[in-house]
Amino acid sequence: MSIEKVNEAVAKIRESYKEQPTIGLILGSGLGVLADEIVNPVKLSYDKVPHFPVSTVEGHAGQFVFGELQNKQAVAMQGRFHFYEGYSMQDVTFPVRVMKELGVEILVVTNAAGGVNELYKAGDLMLISDHINFTGTSPLIGKNDNHFGPRFPDMSDAYQLSLRETARKIASQLNIPIQEGVYAGFSGPTYETPAEIRMMRTLGADAVGMSTVPEVIIANHAGMRVLGISCITNMAAGI
């Protein structure tokens, strides 16, 4: 991934939206409606942005929404890209690079996930405390560009504790029950077998899905603070 491609995408976006967003949101399957909370929205389809992939998954609108969220400049992605769609890891994570160059400091990633923890139920929200990368690859494989980040980024606080504490406090104030656990990321597109789910549970996973992990790796590489939230839409195979 070259800085030139990122800059071309940023330049095109700034033709439509001049403000500098500091909050970025990646909205997963069925969660795009959260962008409706953005005030004075400016929408920009992904296909208008140079070098951007196109969402092919149902429930992903495939557009940016820029505007104000709780008096802060924000950008939301209604729809993300997945490794299983045939895109490279660099394509999947290209939007995170672009958001960083736009000025985003805090990235909120959401996803629809299967429950692995037997105490969970469909409809639960789970703050992601950590992840396990089962995709078999990394978006950082290859030559490192020091402009983007260090060769060996620290992942010990990938989902920042202070942001999770704030999220728990707000959830409590709003009487919203919330879980907290480890997200296991697979490449897909097949769902996991019961044996794989048993393995994940043994290894400490609480939820499983096919996204998020590559984006969070790149966000940490870029020095962004990350909050991750999974919506448990179903219980995983064998649970």
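Some observations on this one:
- In the stretch 92-110 there is at least one residue that is in contact with a Cys (Cβ under 9 Å, 6 or more places away or on another chain) and in a strand (DSSP E or B).
- In summary, strands (runs of 3 or more DSSP E) completely within the stretch 7-82 and bearing 2 or more residues that are under 18 Å from the mean Cα position of the chain (by Cα) occur at 23-27, 63-69, 72-78.
- Contact map, the stretch 220-231: first residue more than 22 Å from F152 (Cβ to Cβ) and surrounded by 19 or more Cβ atoms within 10 Å (Cβ to Cβ), second residue among the basic types (K, R) and modelled with pLDDT of 95 or more, Cβ cut-off under 9 Å, separation 6 or more or different chains; pairs are L227/R164.
- Filtered residues of the stretch 192-208 (kept if surrounded by fewer than 22 Cβ atoms within 10 Å (Cβ to Cβ) and either at pLDDT below 95 or outside any loop (DSSP other than H, G, I, E, B) (or both)): P194, A195, E196, R198, M199, R201, T202, L203
- Meets criteria (under 16 Å from the mean Cα position of the chain (by Cα) and of a type in the set (G, A, S)) for G185: yes
- All of V98, V109 fail the test of being closer than 30 Å to M235 by Cα, surrounded by 19 or more Cβ atoms within 10 Å (Cβ to Cβ), at pLDDT 95 or above and out of contact with any His (no Cβ under 7 Å at 6 or more places or on another chain), apart from V109.
- Whichever residue in the stretch 171-191 is part of a loop (DSSP other than H, G, I, E, B) and among the small types (G, A, S) and, among such residues, is nearest to S88 (Cα to Cα): S187
- Some residue of the stretch 53-61 being aliphatic (A, V, I, L, M) and crowded, with 19+ Cβ neighbours inside 10 Å: no
- Meets criteria (in contact with a Pro (Cβ under 7 Å, 6 or more places away or on another chain) and either in contact (Cβ under 8 Å) with a residue 60 or more places away in the chain or closer than 30 Å to P189 by Cβ (or both)) for D91: yes
Residues are listed down the side, and each one gets a yes or a no for (1) more than 30 Å from R198 (Cβ to Cβ); (2) surrounded by fewer than 12 Cβ atoms within 10 Å (Cβ to Cβ); (3) not charged (D, E, K, R):
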residue	(1), (2), (3)
E118	no, yes, no
N133	no, no, yes
L163	yes, no, yes
I170	yes, yes, yes
I176	yes, yes, yes
V182	no, no, yes
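- Hey, P139 buried (at least 16 other Cβ atoms within 10 Å of the Cβ), of a type outside the set (K, R) and under 28 Å from R14 (Cα atoms) or not: yes
- Subset tally (residues that are charged (D, E, K, R) and touching a strand residue (DSSP E or B) at 6+ places or on another chain (Cβ under 6 Å)) for the stretch 38-84: 4
The values are calculated or read from the model by the stated rules, or taken from the named source; none is laboratory data. Given the structure is predicted, the values throughout are model-derived calculations rather than measurements. All Cβ positions, even for glycine, are placed from backbone atoms using ideal geometry, and neighbour counts span all protein chains on display.
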